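Here's a structure for you.
The values are calculated or read from the model by the stated rules, or taken from the named source; none is laboratory data. Please read all numbers here as calculations on a predicted model, not as lab measurements. Here the Cβ positions follow ideal geometry from the backbone for every residue, glycine too, while neighbour counts run over all protein chains shown.
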Amino acid sequence: MSELAVLALVGDMLVRATPLILTGLAVAFAFQAGILNIGAEGQLLIGATCSAAITLQFGETLGGSIIIVSLIGGSLAGAGWAAIAAELRARFHVLEVISTIMLNFIALYIVSFLVRGPLQEPTHIYPQTETMPLYARLPTILPGTRLHAGFVLAVLAGVTGWWILQHSAAGFRLRAAGKNSSAARIAGQIDVGRTTRNVFLMSGALAGLAGAVEIHGVTFALYENLSPGYGYTAIAVALLASLNPLLVIVTGLFFGVLEAGANALQRDAGIPSTIASVIEALIILAVLAVESIRNLHAPQPGSPSDTPIADLT
Amino acid sequence: MTEIIGPFLEGAVRTATPLAFAALGETVVERSGIINVGLEGSIICGAFGGLIASSYEGTWLALAAAGISGMAVSTLFGVFVTRLRSDQVITGTAISLLSLGLTGTLYRQLYGPAGSALTTATMSILPVPLLSSIPWIGPALFSQPPITYTLYAFVPALWWWIYRTHAGLGLRAVGENPEAAIAAGVRAAHVQFAAILFGGFMGGVAGGTLVIAQAGTFAEGMSAGRGFIAIAIVVLGRWHPVGVALAALIFGGASALQYLFQTMGWNLPYQVFLALPYLLTLLALAGVAGRVSAPASLGTWIRGW
């Protein structure tokens, strides 16, 4: 492999790690607060959709600053999509595992409809939107690769997230609500319902941001297979990092290497790239097994699993 | 009128059949206090196992192989949940991810990177004499592949087993009050493990039905969230076999609305019909979930053993 090819592959790995870090953070925050958000995939898709729509609509008027507007818009859209599951949980006691997975499928069909309907490119041949103009693309930060500024954004989000979680009052409320909701409510006078809802929205915003970053940094257009399941890999990313935002950066990089490597293997050696999700699942199971064996020796009362589903409010 | 309603009802029963198998299995699992989100994994493994077996054996044996494939993957879930006491939802999610990845990988290895279009012999439709000539509902209910008829017998059998046998009482006791059940001499961990294996088998049969009695082929990810829809159906059916079967039928009906719309000549984007079952799941759960009582210990660890 030539030096240039190695450089390009490293770039691809970091590019791949970017949405994994962002969605990994989304999952880590949610799980910390006791919210099992399996819906990062759908939130990412809706974020990407909104971001593409904003850029196509206002790109010409706003020029380069469209990127900022669009990234914010994508985050808000992701939060909005998560809000559906958050409301269903708060008002109707609907288990978010089920609702977020249903919303993932619905998001996929919304994208499928839009790229064949209202948002389809002008020639109406391909199921995708028009390609973004150059000024609406995130700058490349490593010459000779596809590595874009979104990677820096993801790392910054990880560091900021870690600081919020460990050193702010909001972070304390979040962790308290996740650890033991009744104690947090009674002893800490924490509004658990409100905290839960806010964390759910923030989780959705991070996943939505991941989608917007993909649009402006990688795909430059909206189409159906925009995400090869980032939102599901994110669960492995977050769990392997023990839900610690700083470690999410590391595990996100690890899975980026794994997935970009799997793609290269499929291209060069014909090994199916789906093997990556097998490895991811085995990693989740390995983490669970290690944790369980540790817990069996030192039982910790009040962990999220101690709350019966019937009592989940 | 018959030519409009006929395909709709037939489609409703056809779509409902695999959902009902999976949901009835999950009913037993949840009655034991366990929620198996890995059901999706059992369905896709059953579909794949059924495909492989159907190239060697007849349709019934292939369906049994599908059930065993689904059970095999649920064994892993059972070990993690009842032995290691891992978080049920995270374990189940991992099992689903594992199964989808594994079947995809094996399929591409065996049948080429893109997965060549592969068809298998399907279970042919066997109309029941007399019953199938009842107007409207006759063809829908009694002109189906025989696997659907086993479902009709299975629903009352499961009801009888859960509510009228000693073993069924033990199952319900473990789900409602595990500590008391253990004190009464029920081996709770064994009951839960057995329930999980049974649920896995039924999930596998559901996947096998998709391949062997319906599609006649396998596609990566063809379970398409049916495992999660089945879990919602269990809630809608209030953990009761008859309720669950009816809830599955309602879902089948919603999915089959596209046939009705097509024959009526109403044009809607096809994605609306594809998204409908998921949308309906959300609406149904919002309407029902807060007002029904789940088995009391659902989703928790059993303490004290």
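Would the stretch B:223-230 turn up any residue that is closer than 25 Å to B:T91 by Cβ and of a type in the set (K, R)? Write out each step before concluding.
First, pick out the residues of the stretch B:223-230 that are closer than 25 Å to B:T91 by Cβ: B:223-230.
From what is left, the residues that are of a type in the set (K, R) are B:226.
Checking the stretch B:223-230: at least one residue is closer than 25 Å to B:T91 by Cβ and of a type in the set (K, R).
Being over 16 Å from B:V244 (Cα atoms) and surrounded by fewer than 24 Cβ atoms within 10 Å (Cβ to Cβ) is the filter here, so list the residues in the stretch B:15-55 that pass it.
B:I52, B:A53, B:S55 - these are the residues of the stretch B:15-55 that are over 16 Å from B:V244 (Cα atoms) and surrounded by fewer than 24 Cβ atoms within 10 Å (Cβ to Cβ).
Here's something else I'd like to know. Being of a type in the set (S, T, N, Q) and touching a residue at least 60 places away in the same chain (Cβ under 8 Å) is the filter here, so list the residues in the stretch A:110-135 that pass it. I'd like the intermediate steps shown before the answer.
Start the filter on the stretch A:110-135 by keeping residues that are of a type in the set (S, T, N, Q), which leaves A:112, A:120, A:123, A:128-129, A:131.
Across the stretch A:110-135, the qualifying residues are A:S112, A:Q128, A:T129, A:T131.
Further, regarding this structure: Please state which of the following conditions B:A140 fails to meet, knowing it meets all the rest: (1) at pLDDT below 80; (2) surrounded by fewer than 18 Cβ atoms within 10 Å (Cβ to Cβ); (3) on the phi < 0 side of the Ramachandran plot.
Condition not satisfied by B:A140: (2).
Right, here's the next one. Hey, can you tell me all the residues within the stretch A:49-70 that are out of contact with any Gly (no Cβ under 7 Å at 6 or more places or on another chain) and surrounded by 24 or more Cβ atoms within 10 Å (Cβ to Cβ)?
Just the residues of the stretch A:49-70 that are out of contact with any Gly (no Cβ under 7 Å at 6 or more places or on another chain), to begin with: A:49, A:52-53, A:55-65, A:67-70.
Of everything in the stretch A:49-70, those that are out of contact with any Gly (no Cβ under 7 Å at 6 or more places or on another chain) and surrounded by 24 or more Cβ atoms within 10 Å (Cβ to Cβ) turn out to be A:T49, A:A52, A:T55, A:I67, A:S70.
Among the residues of the stretch B:219-248, which ones are part of a loop (DSSP other than H, G, I, E, B), within 14 Å of another protein chain (Cβ to nearest Cβ) and in contact (Cβ under 8 Å) with a residue 60 or more places away in the chain? Don't jump to the end; show me each part of the working.
Step one: filter the stretch B:219-248 for residues part of a loop (DSSP other than H, G, I, E, B), giving B:219-225, B:237-240.
Right, trim to within 14 Å of another protein chain (Cβ to nearest Cβ) and you get B:219-225, B:238-239.
Within the stretch B:219-248, B:A219, B:E220, B:G221, B:M222, B:S223, B:G225, B:W239 meet the criteria.
Of the conditions (1) under 30 Å from A:S182 (Cβ atoms); (2) over 14 Å from the mean Cα position of the chain (by Cα); (3) of a type in the set (S, T, N, Q), A:T100 clears all except one; give me its number.
It fails just one condition, (2).
Would the stretch A:151-167 turn up any residue that is touching a helix residue (DSSP H, G or I) at 6+ places or on another chain (Cβ under 9 Å) and within 14 Å of chain B (Cβ to nearest Cβ)?
For the stretch A:151-167, residues touching a helix residue (DSSP H, G or I) at 6+ places or on another chain (Cβ under 9 Å) and within 14 Å of chain B (Cβ to nearest Cβ): absent.
Taking B:V186 and the conditions (1) part of a helix (DSSP H, G or I); (2) farther than 27 Å from B:G138 by Cβ; (3) modelled with pLDDT under 90, which numbered condition does it fall short on, given that it satisfies the others?
With respect to (1) part of a helix (DSSP H, G or I); (2) farther than 27 Å from B:G138 by Cβ; (3) modelled with pLDDT under 90, B:V186 is out only on (1).
Okay, next question. Can you find a residue that is within 14 Å of another protein chain (Cβ to nearest Cβ) and farther than 19 Å from B:I43 by Cα anywhere in the stretch B:131-143? So that I can check it myself, show each step before the final result.
Narrowing the stretch B:131-143 to residues within 14 Å of another protein chain (Cβ to nearest Cβ): none.
Taking every residue of the stretch B:131-143 in turn, none turns out to be within 14 Å of another protein chain (Cβ to nearest Cβ) and farther than 19 Å from B:I43 by Cα.
Mind checking which residues of the stretch B:80-107 are within 17 Å of B:G33 (Cα to Cα), over 19 Å from the mean Cα position of the chain (by Cα) and either outside any helix (DSSP H, G or I) or facing chain A (nearest Cβ under 9 Å) (or both)?
Filtering the stretch B:80-107 down to residues within 17 Å of B:G33 (Cα to Cα) leaves B:80-92.
Cutting the leftovers down to over 19 Å from the mean Cα position of the chain (by Cα) gives us B:80-87, B:90.
Matches in the stretch B:80-107: B:F80, B:R83, B:L84, B:R85, B:S86, B:D87, B:I90.
Give the number of residues within the stretch B:249-273 that are outside any helix (DSSP H, G or I) and surrounded by 18 or more Cβ atoms within 10 Å (Cβ to Cβ).
Initial filter on the stretch B:249-273 (outside any helix (DSSP H, G or I)): B:256, B:265-269.
Those left that are additionally surrounded by 18 or more Cβ atoms within 10 Å (Cβ to Cβ): B:256.
Total satisfying the criteria: 1.
Determine whether B:L76 is part of a helix (DSSP H, G or I), under 30 Å from B:M123 (Cβ atoms) and either among the acidic types (D, E) or within 10 Å of chain A (Cβ to nearest Cβ) (or both). Steps first, please.
Details: part of a helix (DSSP H, G or I): yes; under 30 Å from B:M123 (Cβ atoms): yes; either among the acidic types (D, E) or within 10 Å of chain A (Cβ to nearest Cβ) (or both): yes.
The answer is yes for B:L76.
Would you check which residues across the stretch B:130-161 are β-branched (V, I, T) and within 17 Å of the chain's Cα centre (by Cα) and list them?
Kept after step one, since they are β-branched (V, I, T), are these residues of the stretch B:130-161: B:134, B:137, B:147-148, B:150, B:155.
Listed by number, the residues that qualify are B:I147, B:T148, B:T150, B:V155.
Let me ask something else about it. Report those helices (runs of 4 or more DSSP H) wholly inside the stretch A:182-283 carrying at least 3 residues which are within 14 Å of chain B (Cβ to nearest Cβ) and surrounded by 18 or more Cβ atoms within 10 Å (Cβ to Cβ).
The qualifying helices (runs of 4 or more DSSP H) are A:230-240, A:245-269.
Which residue out of B:S32, B:S54, B:S124 is within 18 Å of the chain's Cα centre (by Cα) and of a type in the set (S, T, N, Q)? First the steps, then the outcome.
Working: B:S54 fails: within 18 Å of the chain's Cα centre (by Cα); B:S124 fails: within 18 Å of the chain's Cα centre (by Cα).
From the options B:S32, B:S54, B:S124, the qualifying one is B:S32.
Can you find a residue that is free of Cβ contacts under 8 Å to residues at least 40 places away in the same chain and not basic (K, R) anywhere in the stretch B:66-76? Break it down into steps so the answer makes sense when it comes.
Here is the first cut: in the stretch B:66-76, the residues free of Cβ contacts under 8 Å to residues at least 40 places away in the same chain are B:76.
If we keep only those that are not basic (K, R) as well, we get B:76.
Yes, the stretch B:66-76 has at least one match.
In the stretch B:49-73, what residues are part of a helix (DSSP H, G or I) and of a type in the set (G, A, S)?
The first filter runs over the stretch B:49-73 and keeps only residues part of a helix (DSSP H, G or I), leaving B:49-54, B:59-73.
Result: B:G49, B:G50, B:A53, B:S54, B:A62, B:A64, B:A65, B:A66, B:G67, B:S69, B:G70, B:A72.
Further question: Can you name every residue in the stretch B:56-98 that is buried (at least 24 other Cβ atoms within 10 Å of the Cβ), of a type in the set (S, T, N, Q) and under 27 Å from B:P145 (Cα atoms)?
Listed by number, the residues that qualify are B:S69, B:S74.
Looking at B:L276, B:L285, can you tell me which residue is surrounded by fewer than 22 Cβ atoms within 10 Å (Cβ to Cβ) and either part of a helix (DSSP H, G or I) or within 13 Å of chain A (Cβ to nearest Cβ) (or both)? Steps first, please.
Details: B:L285 fails: surrounded by fewer than 22 Cβ atoms within 10 Å (Cβ to Cβ).
Only one candidate qualifies: B:L276.
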